[in-house]
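Below: one structure, written as C-alpha cells.
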Amino acid sequence: MKKAGLIVCAFAMLATLTGCKDAVADISNGSEKLVSVGDTTITKDKLYNLLKGSNGGSATIELVQNKIYEKEGIKLSEDMKKEAKKTLASTKKTFGGEEAFLNAIKSYGFNSEEEYLEKASYPSLLNKELLKKYAKDNQKTLFEKYHPVKANVIQIEKQENAEKALAALKKGDSAKTVAKKYGKTGTYDGSEKIYFSGSGLPDVVFSKITATSSKGLIKEVIEDTEGKTYYLVNLTNIDPSSFADEANDALVAGVSDLSNTMMEHYLKKYNFTIYDIDILNQIKSTNESYITQK
C-alpha cells in the first residue's frame with residue numbers, strides 16, 4: 001500500500017498551491033517493480049503514466065480542491081454526514097429501493113453506498129460549504145454583479161389584463177391577490193422572492209429593475225416581446241446588504257457558473273501552478289479557465 005501511495009503523492013506534486021514549460025513530470029525510482037504477472041512486469045513509471053493518461057487532470061483537480069478546503073477551513077462535519085445520509089435514503093426511495101439504487105450507482109463506478117458517500121455526496125457538500133464561504137467573503141462584488149433584490153413579480157398573458165392588474169396594485173390590492181385574479185399560473189405568482197441577474201426573469205424585466213433606484217411598485221406594464229407576455233413588478237427590498245444571508249444563499253443555489261468562478265478565485269489566490277504539460281492539456285480541455293498561470 002505504501003508504493004501505491006507514492007503514485008497518489010506523485011499526482012499531488014504535479015500541481016501545487018504555492019510557467020508551465022513543456023515538461024513532463026516523473027517520479028523517483030520509476031523502474032521499481034510494483035506488480036508481476038507471468039513474464040509481464042508493471043513498474044512505478046508504467047502505472048503512473050497509465051493513471052495520468054486516463055484521469056490525471058480530474059485527479060489533480062480533486063487533490064487541489066481538497067487542499068483548498070484545508071486552507072479555507074472547510075471540514076466534513078457530523079451534520080454534513082447526517083445530511084448526506086438523509087439525502088441518500090431519499091434517493092434510494094426514488095430509485096425504488098436499495099437494490100435498484102446500488103445497480104444504478106455501480107454503472108457510474110461506485111461499488112457500495114459508502115463509496116458513493118465518500119466520492120460523491122461528501123465532496124458535493126464540501127463544495128457547497130466552500131461556495132457559501134466564497135459568496136460571503138465576496139458578497140460586495142457578487143451583489144454588484146448580480147444585483148439581488150426582493151420583489152413580487154406577476155406574469156400576465158394579455159396586455160388588457162396587465163393594465164387592469166396594474167390599476168389594482170396602484171389601488172393597494174396585494175400582489176398575490178392580483179396574481180390570482182389576472183396572472184398566468186406558474187413561477188411568477190406575486191409572492192415575494194429573491195431575483196437576480198440570471199435568475200430567470202427576461203432581460204427586459206430585470207433591466208427595468210436595475211434601472212429603478214427605490215423600492216415600491218414599478219408603475220408600468222413591462223412587455224416581453226420575445227415571450228409575448230407582460231410583467232408587473234413590486235420591489236420590496238433593493239438593498240441586498242440588508243438581507244445578505246438570504247441573498248448569498250440565493251446566489252449559491254441559483255448562479256449556474258458560480259462554482260467555476262469560485263474555483264478560478266481560489267486557484268489564483270493560491271497561485272495554482274502545473275508542472276506537467278500532459279496534465280495541463282487535460283485540464284485545459286475541460287476547464288480552460290482553471291489555467292491561471294502565465
Pick from the stretch 224-252, criterion in a helix (DSSP H, G or I) and among the charged types (D, E, K, R), ranking: surrounded by the fewest Cβ atoms within 10 Å (Cβ to Cβ): ASP245
- prompt: Does LYS85 meet the test of being assigned to a helix (DSSP H, G or I), over 12 Å from LEU125 (Cβ atoms), in contact with a helix residue (DSSP H, G or I) (Cβ under 8 Å, 6 or more places away or on another chain) and outside the structural domain of ASN271 (by TED's automatic domain parsing)?
  reply: no
task: Filter the stretch 247-288 down to residues that are of a type in the set (Ser, Thr, Tyr) and more than 20 Å from LYS128 (Cα to Cα), then give me how many there are.
output: 4
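Take the residues of the stretch 48-82 that are part of a helix (DSSP H, G or I) and of a type in the set (Gly, Ala, Ser): which is modelled with the lowest pLDDT?
SER54
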field: Matching option when the condition is closer than 29 Å to LEU258 by Cβ, among the polar types (S, T, N, Q), crowded, with 16+ Cβ neighbours inside 10 Å and assigned by TED's automatic domain parsing to the domain that holds TYR230, among ASN127, ASN152
entry: ASN152
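How many residues are of a type in the set (Phe, Trp, Tyr) and not in a helix (DSSP H, G or I) if we restrict to the stretch 253-272?
Going through the stretch 253-272, the residues of a type in the set (Phe, Trp, Tyr) turn out to be 266, 270, 272.
Keeping just the survivors that are not in a helix (DSSP H, G or I) gives 270, 272.
Adding up the residues that qualify gives 2.
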statement: If you go through THR273, THR187, the only one that is at pLDDT below 95, among the β-branched types (Val, Ile, Thr), assigned by TED's automatic domain parsing to the domain that holds LYS170 and more than 18 Å from the chain's Cα centre (by Cα) is THR187
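The values are calculated or read from the model by the stated rules, or taken from the named source; none is laboratory data. Given the structure is predicted, the values throughout are model-derived calculations rather than measurements. Using ideal geometry, Cβ is built from the backbone for each residue, glycine included, and neighbour counts are taken over all protein chains shown.
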